[in-house]
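The values are calculated or read from the model by the stated rules, or taken from the named source; none is laboratory data. Quick caveat, the model's predicted, so the values are computed rather than measured. Quick reminder, even Gly has a Cβ in these numbers, built from the backbone with ideal geometry, and neighbours come from all protein chains shown.
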Amino acid sequence: MNNLILSAHGNTVKLESTWVMGIINITEDSFYSGSRVKSLDDFKRKVDQQIIDGAQIIDLGGQSTRPGSMRISDEEEIERVLPALDWIKKEYPTVWVSIDTYHSEVAKTCINNGAHIINDISFGIDDEKMIDVIVDQDITYFGMHKQGNPETMQENPRYQNVVDEVFNFLLDRKKEFLQNGVRNIWLDPGFGFGKTLNQNYQLLNQLQLLKKVDSNILIGISRKSMIYKYLEITAEGSLNGTTALNMVALMNGAQILRVHDVKEARECVKLFEQLKKS
């Protein structure tokens with residue numbers, strides 16, 4: 001994994017093993033109640049625990065992107081995220097911080113205030129200015145595939161061949177970003193973002209195809225409907241299923257896990273690394 005790097009603000013770190021990114025949603029509208037924070041004190045407690053549990057990246061989101069969620073303005077998103085970002089930078093200056101946004105103004109503001117990574121569910125499609133912000137700031141970019149918009153994306157997702165279409169989209173967008181000067185790009189298939197349950201599993205099963213074309217891969221399947229709907233449980237009861245599928249993702253080439261439950265993900269990574277050594 002020596003060719004895997006994260007870079008931002010003139011600093012570069014090599015990933016010698018799989019990293020874990022902890023999810024914290026500064027909104028009351030996210031699909032999993034355990035990821036939501038309602039106050040700055042609540043946020044601080046969650047960050048402290050995720051750092052103790054071994055998170056190398058904290059992913060901050062001020063805009064819910066669950067199926068059926070409503071959009072907010074970039075101004076409101078900044079008001080939610082910026083105080084949280086400022087606190088992390090003060091208390092944990094060495095921890096990498098990702099901002100989950102598809103708004104270029106949110107990205108620009110947060111990067112100027114120390115964010116290292118932009119995690120964009122639309123891969124620059126929903127805001128054409130995003131690519132210019134990333135080029136100007138020269139930071140790490142996580143680009144994801146989605147079909148449609150969060151309000152309606154799960155109503156009737158359609159593909160001729162979901163693996164070909166999703167992976168070709170990711171590779172085409174990566175090529176465009178590279179041609180425009182973005183240097184550090186990671187790809188996310190976007191599980192649950194405009195895919196049926198079966199399509200999600202097809203993508204996970206074929207994930208190694210992205211690895212074979214020299215792509216760095218981020219996976220976010222934590223407590224999603226592809227787990228709890230199939231098992232006929234709830235998001236709150238989906239930790240065991242998440243761990244099982246995280247191991248599959250690791251075996252198929254994932255190099256960063258985006259999760260709600262950092263401790264369990266770190267244990268999964270540790271067992272995976274031991275399996276590789278053996």
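Scanning the stretch 183-196 for residues that are at pLDDT below 95 and of a type in the set (A, V, I, L, M, F, W, C) gives a single hit, F193. Can we say D214 is surrounded by fewer than 22 Cβ atoms within 10 Å (Cβ to Cβ) and either under 28 Å from R158 (Cα atoms) or among the charged types (D, E, K, R) (or both)? Considered against the rule, which asks whether it is surrounded by fewer than 22 Cβ atoms within 10 Å (Cβ to Cβ) and either under 28 Å from R158 (Cα atoms) or among the charged types (D, E, K, R) (or both), D214 comes out as yes. Scanning the stretch 178-193 for residues that are surrounded by 19 or more Cβ atoms within 10 Å (Cβ to Cβ) and free of Cβ contacts under 8 Å to residues at least 40 places away in the same chain yields one hit, F191.
Report whether or not G241 is surrounded by fewer than 23 Cβ atoms within 10 Å (Cβ to Cβ), small (G, A, S) and closer than 28 Å to I58 by Cβ.
Yes.
Whenever a residue of the stretch 38-50 is farther than 16 Å from G62 by Cβ, it has no partner that is loosely packed, with under 13 Cβ neighbours inside 10 Å lying with C-beta atoms less than 7 angstrom away and at least six residues away or across chains. Among the residues of this structure, L218 does not count as one that is more than 21 Å from I99 (Cα to Cα), modelled with pLDDT of 95 or more and among the aliphatic types (A, V, I, L, M). Within the bounds of the stretch 54-71, is there any residue that is at pLDDT below 90, surrounded by 22 or more Cβ atoms within 10 Å (Cβ to Cβ), among the polar types (S, T, N, Q) and within 19 Å of I256 (Cβ to Cβ)? The answer is yes, given that some residue of the stretch 54-71 is at pLDDT below 90, surrounded by 22 or more Cβ atoms within 10 Å (Cβ to Cβ), among the polar types (S, T, N, Q) and within 19 Å of I256 (Cβ to Cβ). The combined condition, being surrounded by 15 or more Cβ atoms within 10 Å (Cβ to Cβ) and either free of Cβ contacts under 8 Å to residues at least 40 places away in the same chain or closer than 24 Å to I58 by Cα (or both), is not fulfilled by V162.
The numbered conditions (1) at pLDDT 95 or above; (2) more than 29 Å from Y228 (Cβ to Cβ) are all true for K212 except (1).
The single condition from (1) assigned to a strand (DSSP E or B); (2) at pLDDT below 95; (3) not hydroxyl-bearing (S, T, Y) that I118 fails is (2).
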